[in-house]
Amino acid sequence: MAVKIKALQEASPADSAGVRAGDILVSINGQAISDVLDYMFYSSEEEACLSLIRGEEEILAVVKKSEYEDLGLIFDSFLLDEKQSCNNNCVFCFIDQNPAGMRETIYFKDDDARLSFLQGNYVTLNGLDSSDIDRMIKMRLSINISVHTTNPALRCRMMNNRFAGEKLNYLNRLFNSEIKMNCQIVLCPGLNDGDELVRTLTDLGGMYPAVQSIAVVPVGLTKHRNDLYELTGFDEHSAKSALKTIERFQKLFLSEYGTRLVFAADELYLKANLPFPKGRFYEDYCQFDNGVGMARSLMDEFKDELKKTVIDKSVKRNISVVTGMAAGDFITKLTSMVTRKRKNIKCRVFKVTNHFFGETVTVAGLLTAQDMIARLEGQDLGTELLISEAMLKKDCSLFLDGYTIAEVEERLKVKIRTVPNSGREFLKMLIAGEEGKN
């Protein structure tokens, strides 16, 4: 597949070699370019011979550069072609549980293995064929895989994909080729827990060290599961049972491999009404973006920063924090560490029930503006309202239900500031206003 060059970075290697905007890139060093992975892999050499089409003429451009230096070509699409969508119909899919009327991008199901390598997305492998696996092995691409179960028949059933079971064979090919994998299990009571979880952890554990980590995440269920597969969420008893199984394997893997390998998402501890493990338990926080160890990391960083921070007694603060029901007590504990020591700082923590998705959805990242407004309108919020950046669309000021920050500020009559998942930044925003930002 030939790709049109939209523009070039000024003074880049390709620009210096005479490549022009509008040229069609056909191949690099004789290798056809079909997407961003081909482009990155075959352009990594110190000398790249580009086969181009300019108008009706075929030309060659030899580009000399440092090894791994980018050529400087700019394309219409980051991937150089269309993003690959999911061909599964998983019984637990959260996207299928969204109500109508949300942002269009909310309903797109991504299952693009290229984004797994480039951005850390999790993919099922079900959209790949043998040649895709060959390319991954050739390029030595690490990948994040949504496994869910290693029982072929159960995987087909859970994903509503008749090929989902046989695609598990790709795991063995990647393992035998020593390709690094991180794995994910969305755990559904009555489906892939119990003995099935034991089987999956046994199988994946046998693929260490290619399998570098495993995250177990409890299924999320909204109130919009109309005509969908009947699923049950976790309660305290079932969450404790799942954690007991996970802890048994953690001890086994730690003894055999020197790593716990499998980790439960924070939400599972909250469901079980159990404290989070200590920071060292999470080792290098390898599944952090999967919600594993986020709370412990935030707390430890907050405490460490508080120990070495001198809080200006002359600065008066009257602010509020909003969060989901799950983290409410946890956030209150953190803010109390500050307000107990410094009476000049006042902070109210508001826990918001998720009526939009349903009361069983308790994480802050799925709160909508309309639920926040319903809970907070008319309240004394002080001079600022702190919210988690997870509530907003990435690199954007939009909430899940399409409201902008400005619209919510207008309704609540308060300045909103977004807090990253950083204990240091959270503390800084608690004790200092806009003037305290770096």
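The values are calculated or read from the model by the stated rules, or taken from the named source; none is laboratory data. This structure is a prediction, so every number in the text was calculated from the model and none was measured. Here the Cβ is made from the backbone with ideal geometry for all residues, glycine too, and neighbour counts use every protein chain on show. When the accessible area is computed, the model is the full protein with side chains, heavy atoms only, and any ligands, DNA or RNA have been set aside. Shrake-Rupley method; radii C 1.70, N 1.55, O 1.52, S 1.80 Å.
Points to keep in mind about this one:
- The equivalent ellipsoid of the stretch 321-438 has semi-axes of 22, 16, 14 Å, largest first, where each one is the square root of 5 times an eigenvalue of the Cα gyration tensor.
- Of the residues Lys313, Lys6, ranked by 1.4 Å probe accessible area with the largest first, the sequence reads Lys313, Lys6.
- The chain: angle of helix 328-339 to the longest principal axis, Cα-based, in degrees nearest 10: 70
- Entry note, the chain: relative contact order of 10 percent, from Cα contacts under 8 Å with a spacing of 6+ residues.
- Annotation: per residue accessible area for the stretch 177-311 equals 48 Å², rounded to a whole number [probe 1.4 Å, protein chains only].
- Globularity index of the stretch 255-397 is 1.17 (Cα radius of gyration / 2.2 N^0.38 Å, N = number of residues).
- Note on Thr202 and Asn29: the extension gain reaches 57.9 nm, defined as 0.36 nm multiplied by sequence separation minus the Cα-Cα distance.
- Modelled label positions at Thr360 and Gln379, each set 7 Å beyond Cα in the direction of Cβ, lie 2.6 nm from each other.
- Sequence-distant contacts, meaning Cα pairs under 8 Å at least 6 residues apart, place the relative contact order of the stretch 137-198 at 48 percent.
- Restraint check, Lys278/Lys303; Lys244/Lys303; Lys313/Lys413; Lys240/Lys333, Cα-Cα greater than 18 Å: Lys244/Lys303; Lys313/Lys413; Lys240/Lys333
- Stokes-Einstein diffusion for the stretch 101-159, with the hydrodynamic radius set to the Kirkwood value over Cα pairs and evaluated at 25 °C in a medium of 0.890 mPa s, equals 189 µm²/s.
- Against the chain, whose longest principal axis is taken from its Cα atoms, helix 236-257 shows a tilt of about 50°.
- Overall, the accessible surface of the stretch 350-438 at a probe of 1.4 angstrom is composed of carbon and sulfur to the extent of 48 percent.
- Separation between Cα centres of the stretch 123-150 and the stretch 81-97, rounded to whole Å: 16
- Across the stretch 266-387, the mean sequence separation of Cα contacts (distance under 8 Å, 6 or more residues apart), normalised by length, yields a relative contact order of 25 percent.
- Reachable aspartates and glutamates from Lys343, criterion Cα separation under 15 angstrom, eight or more residues apart if same chain: Asp312
- Estimated [θ] at 222 nm from DSSP helical runs (n ≥ 4, -39500 (n - 2.57)) normalised by residues in the chain, nearest 500: -9000 deg cm²/dmol
- Spin-label pair Glu407/Asn87, simplified geometry with 7 Å Cα→Cβ offset, distance in nm: 3.7
- Approximate shape of the stretch 253-292 as ellipsoid semi-axes (Cα gyration tensor, √5λ), whole Å, largest first: 19, 12, 9
- Of Glu104, Glu384, Glu283, the one that fluctuates the most in a GNM where the chain has Cα springs shorter than 10 Å: Glu104
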